[in-house]
Amino acid sequence: MIRGSELPKGVFPGSLPMELVCIIALNGTRQGTTKSGTPLYMGYPLDPMYPPVIVGSRATGANQFALVLVKGYEEAFRWPRAEFRSWIGAVGDPAAERSALLLMSGSLKSPPLSVLPVFDCKPLHTWNTSNIDPAGCRDIDDVISWRLDGSAVVEVIISIADVSSFVVPDTAEDVEAARRGQSLYAAGKVVSPMIHPLISEQAASLHADGVARPVVSLHLPSKTWSRGFLVNQKSYTYEEAIGNSVLKEVFTMCGAISDDPHEWIERAMVLYNVEAAKRIKGLGILRSQAPPDAAKAMMWKAAATASGEPVLALLGYSAGLYTKEGAHWALGEDVYFHATSPLRRYADLVNQRCLVTLLDGKTPLSTSNMLIDSLNARSRIAKQLDRSLLSIPLDLMMMGDGIVIDIYELKVGIYFLPWKTRITVRLLESYKGSIGDRCRVKGFCDNTAVDLKRRMVWKIL
């Protein structure tokens, strides 16, 4: 993705006018004044896909979060001009930090909702049908059905909620879902649904409540596809599914190899995604992953060995990206995409539409590069939001354990366990320890920096 700060003048990734949450650099250099004498300052959007903006304000003092309306470009400025709308609070204030993050994510208002469709439906079958999800889950994307011959499982159907039946392209719901890109979570709970909860948590969600709902299904072992309606009969939590021999046999047909229900679901979803990608090869939004950088992979492997934390070795892998082409290295698939979470990820909804269109005997439309860039940006924002909302303490001081993963002359890279990410600690003298060392790290807020990760200045205790 091209960061907004790298865009050429006049290029804006979206339709103007547009509201953005920015940090107004009141303690930075003035960019001039308006005709009425109002000072102009730089505004830095929290969303990195957008370029800096020029904002007029008579306020002074510390940097502030603000909601601005980006209007367009003017000849005198490198960056677009924006109109001040409202203050959110001071950078460094925990309440303002949270409000700014949530407002930036779009979670302070509900997605739009028009009239829900009414279906005259008959279930595809009356086989046993169940879902396995965390306790309290409301947006249920997937269920599994099975047919027995005596006591043996002979046929399995993986079904995904047919969200394309509820969210029509180019409607208000669809435009907003595309902008949000995915539902956002903090501590495992939805703080910003991609689609209105009446759809994502009720009408399209595959609850075990006796209601027949539309689905798109993969049949096993034939690997054929169908659309239709079905009724979910029973809902399991992951804990309740442990030790269920029938469910284990069902998911074994999907490639599961363990007694862990989390692995059962993962295998079933990967299989569905792989077969869907094969079915619409060359269309939709792929999920690709490049091979890991050999040096980085070796660094992470060494850190994992030295620290006794095997999970660190996985961090040497390249991040997955939405693309139009490219293989998925970790899965070993030439084509792979996401299609199993259309209630919570827009890429899955786009791919489901492609699949449904083909099943209906029609030709799907192509996907724009701008949408793909936007979805990659929103994916990063989702990770940032989850981490940031959990990591803003009352005094914006962060403390936790870490593992040294790389060492330079006057800085070290540390895998910070509370955030599950890499941070950099700058030093006054060379680090005397080794890769794999465990350490205690403390961070303080620098409220002049643009984002939370950069605003934290770290030291090893």
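So what is the relative contact order for segment 397-460, in percent, with contacts set as C-alpha pairs under 8 Å and at least six apart? Don't jump to the answer; show the numbers that get you there.
Numbers: 134 pairs, mean separation 21.4, N = 64.
This gives 33 percent for segment 397-460.
For segment 291-331, just run the numbers: alpha carbon Rg, then divide by 2.2 N^0.38 Å, N being how many residues it has. Show your work: numbers first, answer last.
On the way: Rg = 11.9 Å, N = 41, 2.2 N^0.38 = 9.0 Å.
This ratio for segment 291-331 stands at 1.32.
Once backbone amide H atoms are built at 1.01 Å from N, THR129 has GLN233, LYS234 as its partners under 5 Å, excluding neighbours fewer than 5 places away on the same chain.
Between PHE444 and GLN202, the simple label model (points 7 Å from Cα in the Cβ direction) yields a spacing of 5.1 nm.
If the Kirkwood radius is taken over C-alpha pairs of segment 397-460, then at 25 °C and 0.890 mPa s the Stokes-Einstein diffusion coefficient equals 208 µm²/s.
Among DSSP beta bridges whose residues both lie in the chain, state the antiparallel percentage, nearest 5. Provide the component values of the computation, followed by the final result.
On the way: 80 of 87 bridges.
Counting only bridges with both partners in the chain, antiparallel ones make up about 90 percent.
Shown here is the pair-distance distribution of segment 175-230: with all Cα-Cα distances grouped in 5 Å bins from zero up to the longest one, the shares run 4, 15, 17, 18, 17, 17, 9, 2 percent.
About its Cα centre, the chain has a charge dipole of approximately 1360 debye under the convention of +1 per Lys or Arg Cβ and -1 per Asp or Glu Cβ, with nothing else charged.
Each residue of segment 410-425 was assigned a 3J(HN,Hα) from its phi angle through the Karplus expression (A = 6.51, B = -1.76, C = 1.60, θ = phi - 60°), giving 10, 7, 10, x, 10, 7, 8, 4, x, 9, 6, 8, 8, 10, 10, 10 Hz with x at Gly and Pro.
When the Cα convex hull of the chain is projected onto planes of every orientation, the mean area is 25.0 nm². Phi angles of segment 16-33 translate, via the Karplus equation with coefficients 6.51, -1.76, 1.60 and θ = phi - 60°, into HN-Hα couplings of 9, x, 8, 7, 9, 8, 10, 9, 8, 7, 5, 9, x, 6, 5, 9, x, 9 Hz per residue; Gly and Pro are given as x. Ranking LEU116, ASN128, ILE88 by how far each Cα lies toward the positive end of the dipole of segment 84-149 (charges on Cβ) leaves ILE88 at the top.
Counting pairs of alpha carbon atoms under 8 Å apart in space and at least six apart in sequence, what relative contact order in percent does the chain give? Show your work: numbers first, answer last.
Details: 989 pairs, mean separation 58.7, N = 461.
About 13 percent, as a whole number.
What is the angle, in °, between the Cα long axis of helix 261-279 and the longest principal axis of the Cα atoms in the chain? Nearest 10 is fine, range 0 to 90. Roughly 90 degrees, rounded to the nearest 10. In the chain, the longest principal axis of the Cα atoms and the axis of helix 94-105 are about 50 degrees apart. Taking the number of Cβ atoms within 10 Å of each Cβ as an exposure proxy, the fewest-first ranking of TYR322, TYR415, TYR317 is TYR317, TYR415, TYR322.
Rank by packing, highest mean first: peptides 369-379, 43-53, with packing defined as the count of other Cβ atoms within 10 Å averaged across residues. Can you show the working numbers first?
Numbers: 369-379: 18.0, 43-53: 22.2.
Answer by packing, highest mean first, reads 43-53, 369-379.
The ranking of ARG180, ARG344, ARG440 from fewest to most other beta carbons within 10 Å of each one's beta carbon is ARG440, ARG344, ARG180.
Here the scattering of segment 4-91 is modelled by Debye summation over its C-alpha atoms, one equal scatterer each and no solvent; at q = 0.10, 0.11, 0.17, 0.22 Å⁻¹ the log10 of I(q)/I(0) is -0.21, -0.25, -0.62, -1.06.
At q = 0.13, 0.24, 0.27 Å⁻¹, what is the base-10 log of I(q)/I(0) for segment 203-254 according to the Debye formula with one equal point scatterer per Cα and no solvent? Please give it to two decimals. Treating every Cα as an identical point scatterer, log10 I(q)/I(0) equals -0.42, -1.08, -1.09.
Starting with the fewest neighbours, write out LEU314, LEU124 ranked by other beta-carbon atoms found within 10 Å of each beta-carbon.
Values: LEU314 13, LEU124 19.
Taking fewest neighbouring Cβ atoms as first place, the list is LEU314, LEU124.
Our coupling estimate for segment 39-50, obtained by passing each phi through the Karplus curve with A = 6.51, B = -1.76, C = 1.60 and θ = phi - 60°, is x, 10, 10, 6, x, 10, x, 5, 7, x, 6, 9 Hz, Gly and Pro reported as x.
Tell me the relative contact order for segment 137-277 as a rounded percent, counting alpha carbon contacts under 8 Å between residues six or more apart. Intermediate results must be reported in sequence, preceding the final value.
Details: 205 pairs, mean separation 29.4, N = 141.
Normalised by residue count, the contact order of segment 137-277 is 21 percent.
Each of TYR346, PRO214, ALA382 was placed along the dipole of the chain (beta-carbon charges, centred on the mean Cα), and the one lying farthest toward the positive end is ALA382.
Read-outs throughout are calculated quantities, based only on the coordinates presented, and are distinct from any laboratory measurement. Nothing here was measured: the structure is a model prediction, and the numbers come from that model. For neighbour counting, all protein chains shown are included, and Cβ atoms are generated from backbone atoms with ideal geometry for every residue, glycine included.
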